[in-house]
Amino acid sequence: MSNCKIISISNQKGGVGKTTTALNLAYALAENGNKVLLIDLDPQSNLTMCFGIDRPEELKTTIYDLMMCVIDEKELPDKSKCILSFNNLDLIPCSIELSAVEMSLVNVMSREVILKMLVENFKADYDYIIVDCMPALGMLTVNALAACDSVLIPATAQYLSAKGLELLLQTIVRVKKRINPHIRIDGILITMYSERTKLSKEILSLINDAYSEHIRIFESKIPVSVKVGEASFRYKSVIEYDPKSKVALAYQDFGKEYLSYGN
Ligand SMILES: Nc1ncnc2c1ncn2[C@@H]1O[C@H](COP(=O)(O)OP(=O)(O)OP(=O)(O)O)[C@@H](O)[C@H]1O
Ligand SMILES: [Mg+2]
């Protein structure tokens with residue numbers, strides 16, 4: 001048995017910080033001495049672009065090709081061809097081609113577990129595999145949920161206070177019942193938080209009332225900061241770009257908090 005933990009970072013709401021969280025959690029875990037593989041499972045390929053790959057469509061091997069290998073029951077390319085390495089982080093990149101996989105999956109047997117079958121090949125080499133999901137609850141996200149041990153949900157306070165999570169939680173419950181009985185929810189990470197306003201404190205207490213009985217809401221909150229945009233412009237995690245900034249410290253604290261709950 002490998003000790004690899006597979007984390008899916010999911011929320012069907014767009015622009016809530018999934019990709020930023022995937023990158024910075026991966027970076028924080030790697031800084032703690034863990035071997036981490038990131039998988040970009042969003043055809044928008046934002047995570048791939050975070051690594052300076054501006055034209056993902058020119059990549060030779062992406063998650064699309066690897067999933068197609070599993071679907072077609074073909075042998076995978078050599079690991080060195082599947083995975084890109086950047087200092088302490090590894091990445092299976094993505095390109096827009098991945099959007100075609102949803103169509104290809106329609107007539108495939110066991111279509112929900114293609115990603116699960118794929119990651120089996122890499123688990124032995126990593127402590128954590130982090131999957132960055134697209135903002136939708138289609139077959140790709142179901143594949144991520146089927147493959148993972150746990151789900152981490154980044155969300156803004158406004159979205160949570162509008163009870164926006166119901167659909168995601170329903171989907172996780174259905175996946176748990178039918179495909180992946182072991183799946184757990186790690187918790188909700190509040191992103192783009194501005195603690196100065198009285199409103200956000202009120203919203204926070206509403207959220208705690210609505211969710212905290214059932215789901216962990218991480219103590220660490222990620223503040224709004226222009227540093228996030230600046231860092232991605234430089235192709236860096238914000239922890240690497242400006243380690244002393246509030247948002248970098250928040251992601252580092254979150255990494256420690258995440259680890260403190262154990263696997
Ligand atoms: N804490 C933050 N402060 C300010 N801007 C942020 C913060 N986190 C993320 N952003 C910015 O908000 C935008 C959306 O963030 P991100 O791409 O991480 O969200 P996402 O949930 O992955 O989006 P999508 O659903 O499109 O995949 C990006 O432009 C990012 O730079
Ligand atoms: Mg994203």
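The values are calculated or read from the model by the stated rules, or taken from the named source; none is laboratory data. Since the structure is predicted, the reported quantities are computational estimates derived from the model, not experimental observations. Note that we place each Cβ from the backbone using ideal geometry, even for glycine, and neighbour counts take in every protein chain shown. The accessibility values were calculated without ligands, DNA or RNA, using every heavy atom of the protein model including side chains. Shrake-Rupley method; radii C 1.70, N 1.55, O 1.52, S 1.80 Å.
Checking Ser232 against (1) under 17 Å from the mean Cα position of the chain (by Cα); (2) modelled with pLDDT of 95 or more; (3) among the polar types (S, T, N, Q); (4) within 12 Å of ligand 1 (Cβ to nearest atom), only one condition comes out false. Which one?
Failing condition for Ser232: (2).
Scan the stretch 136-179 for residues that are among the small types (Gly, Ala, Ser), part of a helix (DSSP H, G or I) and under 21 Å from Phe218 (Cβ atoms) and jot them down.
If the condition is that a residue be among the small types (Gly, Ala, Ser), part of a helix (DSSP H, G or I) and under 21 Å from Phe218 (Cβ atoms), then Ala144, Ala157, Ser161 are the ones that fit.
Search the stretch 43-60 for residues being in contact with a Leu (Cβ under 9 Å, 6 or more places away or on another chain) and closer than 12 Å to Arg234 by Cα, and hand back the single one that is farthest from ligand 1 (Cβ to nearest atom).
Checked the stretch 43-60; the qualifying residue farthest from ligand 1 (Cβ to nearest atom) is Ile53.
Determine the pairs where a residue that is more than 19 Å from Arg174 (Cβ to Cβ), located within the stretch 148-164, has a partner that is open to solvent by less than 10 Å² (accessible area, probe 1.4 Å) and hydrophobic (A, V, I, L, M, F, W, C) with Cβ atoms under 6 Å apart, the partner being 6 or more residues away or on another chain.
Pro154/Val16; Pro154/Leu189; Ala155/Val16; Ala155/Ile188; Thr156/Val16; Ala157/Ile190; Leu160/Ile207; Ser161/Ile207
Using beta carbons and a limit of 8 Å, which pairs, at least six apart or on different chains, have the first residue in the stretch 189-202 and surrounded by fewer than 18 Cβ atoms within 10 Å (Cβ to Cβ) and the second one among the acidic types (Asp, Glu)?
Lys201/Glu195
Here are Glu31, Glu58: which of them is open to solvent by 70 Å² or more (accessible area, probe 1.4 Å) and either over 27 Å from Leu259 (Cα atoms) or of a type in the set (Phe, Trp, Tyr) (or both)?
Being open to solvent by 70 Å² or more (accessible area, probe 1.4 Å) and either over 27 Å from Leu259 (Cα atoms) or of a type in the set (Phe, Trp, Tyr) (or both) holds for just one of Glu31, Glu58, which is Glu58.
Here is a yes/no grid of residues against (1) acidic (Asp, Glu); (2) open to solvent by less than 50 Å² (accessible area, probe 1.4 Å):
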| site | (1), (2) |
| --- | --- |
| Asp78 | yes, no |
| Cys82 | no, yes |
| Glu102 | yes, no |
| Arg111 | no, no |
| Phe122 | no, yes |
| Val131 | no, yes |
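Could you please let me know if Asn208 is of a type in the set (S, T, N, Q), open to solvent by 80 Å² or more (accessible area, probe 1.4 Å), modelled with pLDDT under 95 and away from ligand 2 (no atom under 16 Å from the Cβ)?
In short, no.
Which numbered condition trips up Ile129, out of (1) away from ligand 1 (no atom under 16 Å from the Cβ); (2) closer than 30 Å to Lys198 by Cβ; (3) in a strand (DSSP E or B)?
The number of the failed condition is (2).
What are the residues in the stretch 158-168 that are closer than 16 Å to Lys18 by Cβ, away from ligand 2 (no atom under 16 Å from the Cβ) and aliphatic (A, V, I, L, M), if any?
The answer is Leu160, Leu165, Leu167.
Scan the stretch 164-173 for residues that are surrounded by fewer than 17 Cβ atoms within 10 Å (Cβ to Cβ), more than 19 Å from Ile6 (Cα to Cα) and not acidic (Asp, Glu) and jot them down.
The answer is Gly164, Leu167, Gln170.
Can you confirm whether Ile96 is surrounded by fewer than 16 Cβ atoms within 10 Å (Cβ to Cβ), of a type in the set (A, V, I, L, M) and either closer than 18 Å to Val113 by Cα or modelled with pLDDT of 95 or more (or both)?
Answer is yes for this residue.
Sort out which residues of the stretch 242-263 are in contact (Cβ under 8 Å) with a residue 40 or more places away in the chain, open to solvent by less than 80 Å² (accessible area, probe 1.4 Å) and hydroxyl-bearing (Ser, Thr, Tyr), and write them in order of number.
Residues satisfying the conditions are Tyr251, Tyr258.
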